[in-house]
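Chemist: Encoded as structure tokens, here's the structure I'll be asking about.
What follows draws every value from the coordinates through simple rules; no lab data is involved. Please read these numbers as outputs of a predicted model, since none were measured by experiment. A quick note on method: Cβ atoms are made from the backbone with ideal geometry, for glycine too, and the neighbour counts reach across all protein chains shown.
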Amino acid sequence: MPAIATCTQCGSELNPTPGQLFVTCRSCGAAVYIDRSQVVFHFVLEPTVDEAHARGLLARWMAGNDTVKDLDRKATVQSGTFQYFPLWYFKRTEAKGYAVMLEPAAATSISELRRLQLPAGDLKSYDTHLDGQSVEPTVPLEAALEWAGQQGVPRERITEAALVHVPLYTFKYLFNGQSYTTLIEAATGKAMANLFPAKAEAPYQVAGAITAVVFLVLALFPVAGLMMNESAFGFAVLLCLGLGAVAAVPLFMLAAWIAAKV
Ligand SMILES: [Zn+2]
């Protein structure tokens with residue numbers, strides 16, 4: 001912790017008790033976080049989604065297009081827990097205005113958290129009453145700044161650093177004997193998962209290849225006819241169109257069957 005921790009907002013000395021990281025300034029009431037290297041503002045994003053709603057959003061994500069068909073019915077949700085998860089929040093200057101970068105401030109397997117959209121206006125001062133539900137940061141600010149540097153953003157361009165706790169539901173579910181995790185961010189309702197039972201692409205690729213081969217062969221008929229004579233060419237064109245129309249039916253049915261099953 002810095003030798004003398006002073007408030008980011010008013011400059012007063014903070015005098016935290018030993019080990020205290022989340023501090024409210026006695027002079028001005030600002031919520032701050034005392035990192036090893038410096039004191040930063042501490043925000044919280046307030047949830048708008050309760051657990052029942054979050055479960056509904058999870059089911060909708062499972063029924064959506066990214067996941068394997070009928071995952072909402074085939075998966076068994078085992079647990080749902082609520083926590084405020086810490087993110088380092090960096091503002092960096094851009095040619096036009098600024099951009100926000102996020103880096104998880106605690107261990108997580110969900111790297112998608114970096115792509116959360118945090119509406120700046122919705123960030124509230126952190127309230128220490130939330131401590132019981134908050135995950136403590138384990139990634140030091142310095143390490144997060146180093147990560148930003150690796151992303152090509154030197155720290156001179158970072159004009160503001162803050163700690164933000166975001167409300168998250170963590171759902172664990174079973175599918176085909178495998179355990180998976182999906183997060184529902186409880187301010188916007190966004191679903192996030194790194195690993196999930198995805199739609200298989202192979203059957204579509206096989207059906208596409210069969211279709212391509214069938215029509216390529218049919219297209220060779222007129223070419224062969226052209227090499228013989230005019231009437232053979234006319235006959236070959238008709239044959240090609242006729243067989244093409246006939247072949248389209250089972251090929252279409254194959255595609256529809258795959259879409260229904262996968
Ligand atoms: Zn203050």
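Chemist: If the cut-off is a Cα-Cα distance under 17 Å, which lysines reach LYS124, setting aside same-chain residues fewer than 8 apart in sequence?
Modeler: Excluding near neighbours in sequence, the set is LYS91.
Chemist: Related question: Give, in nm to one decimal, the length gained when the segment between ALA106 and TRP257 is fully stretched (0.36 nm per residue of separation minus the Cα-Cα distance). Please report the intermediate quantities before stating the final value.
Modeler: Values: separation 151, 0.36 × 151 = 54.36 nm, distance 4.45 nm.
Residue separation times 0.36 nm, minus the Cα-Cα distance, leaves 49.9 nm.
Chemist: Moving on to the next point. Estimate the FRET efficiency between PHE82 and GLN150 by the formula 1/(1 + (r/R0)^6), using the beta-carbon distance for r and 30 Å for R0, to the nearest 0.05. Working shown, then result.
Modeler: Details: r = 32 Å, r/R0 = 1.07.
FRET efficiency, PHE82 to GLN150: 0.40.
Chemist: P(r) of region 62-121 in 10 Å steps, Cα pairs, percent per bin?
Modeler: With 10 Å bins starting at 0, P(r) equals 17, 32, 30, 17, 5.
Chemist: So, one more: Using a simple spin-label model with points 7 Å from Cα along the Cα→Cβ vector, what separation in nm is obtained for THR48 and ALA143?
Modeler: Placing both labels 7 Å along Cα→Cβ, they lie 3.3 nm apart.
Chemist: Another question, then. Label points 7 Å out from Cα along the Cβ direction at LYS74 and ALA247: separation in nm?
Modeler: Label at LYS74, label at ALA247, 3.2 nm between them.
Chemist: Here's another thing I want to ask about it. Expressed in nm to one decimal, what extension gain is obtained for the pair ALA219 and ASN15 from 0.36 nm per residue of sequence separation less their Cα-Cα distance?
Modeler: 65.2 nm
Chemist: Using only Cα atoms, what is the ratio of the radius of gyration of region 202-261 to 2.2 N^0.38 Å?
Modeler: Compactness ratio reported: 1.36.
Chemist: Right, next: Local charge sum around GLN178 (other residues, Cβ-Cβ under 15 Å, Lys/Arg +1, Asp/Glu -1)?
Modeler: +2
Chemist: What are the radius of gyration and Dmax of region 1-80, computed over its Cα atoms and given in Å?
Modeler: 21.3, 57
Chemist: Calculate, for CYS28 and ASP131, the FRET efficiency according to 1/(1 + (r/R0)^6) with r their C-beta to C-beta distance and R0 25 Å; round to the nearest 0.05.
Modeler: 0.80
Chemist: What net charge do the residues around LEU141 carry, taking every other residue with its C-beta under 13 Å from that of LEU141, with Lys and Arg at +1 and Asp and Glu at -1? Numbers along the way, then the final one.
Modeler: Working: positive: ARG36, ARG155; negative: ASP35, GLU103, GLU142, GLU146, GLU160.
Local net charge: -3.
Chemist: Let me ask something else about it. Loop sites only, by DSSP: take the GluC sites (Glu not before Pro) in the chain that have at most 15 other C-beta atoms within 10 Å and name the longest stretch containing none of them.
Modeler: That gives 95-200 as the longest site-free run.
Chemist: Let me ask something else. Can you tell me how much longer the chain between LYS190 and ALA99 gets when fully stretched, taken as 0.36 nm per residue apart minus their C-alpha distance, in nm with one decimal?
Modeler: Full extension of this stretch gives 30.7 nm more.
Chemist: So for ARG115, ARG55, fewest C-beta neighbours within 10 Å to most, what's the order?
Modeler: Neighbour counts put them in this order, fewest first: ARG115, ARG55.
Chemist: Principal axis lengths of the chain from Cα atoms, whole Å, largest first?
Modeler: Over the chain, Cα extents along the principal axes are 98, 45, 28 Å.
Chemist: If we count every other residue with Cβ under 12 angstrom of ALA5's Cβ, Lys/Arg +1 and Asp/Glu -1, where does the sum land?
Modeler: Once positives and negatives cancel, what remains is -1.
Chemist: I want to check the label-to-label distance for VAL237 and GLN178. Put each point 7 Å from Cα in the C-beta direction and report it in nm to one decimal.
Modeler: 5.2 nm
Chemist: Now, a different point. Against the longest alpha carbon principal axis of the chain, how many degrees, from 0 to 90 and to the nearest 10, is the axis of helix 202-228 turned?
Modeler: Relative to the chain, helix 202-228 is tipped by roughly 30 degrees.
Chemist: Helix 141-150 against the longest principal axis of the chain: what's the angle in degrees, Cα atoms only, rounded to the nearest 10?
Modeler: Roughly 40 degrees between the two axes.
Chemist: Normalise the Cα radius of gyration of region 14-131 by 2.2 N^0.38 Å (N = residues in it) and let me know the number. Don't skip to the answer; put the middle values down first.
Modeler: Values: Rg = 18.2 Å, N = 118, 2.2 N^0.38 = 13.5 Å.
Its radius of gyration relative to the 2.2 N^0.38 Å reference: 1.35.
Chemist: Where does helix 51-63 land angle-wise versus the long Cα axis of the chain, in degrees 0 to 90, nearest 10?
Modeler: Between the helix axis and the principal axis of the chain, the angle is about 30 degrees.
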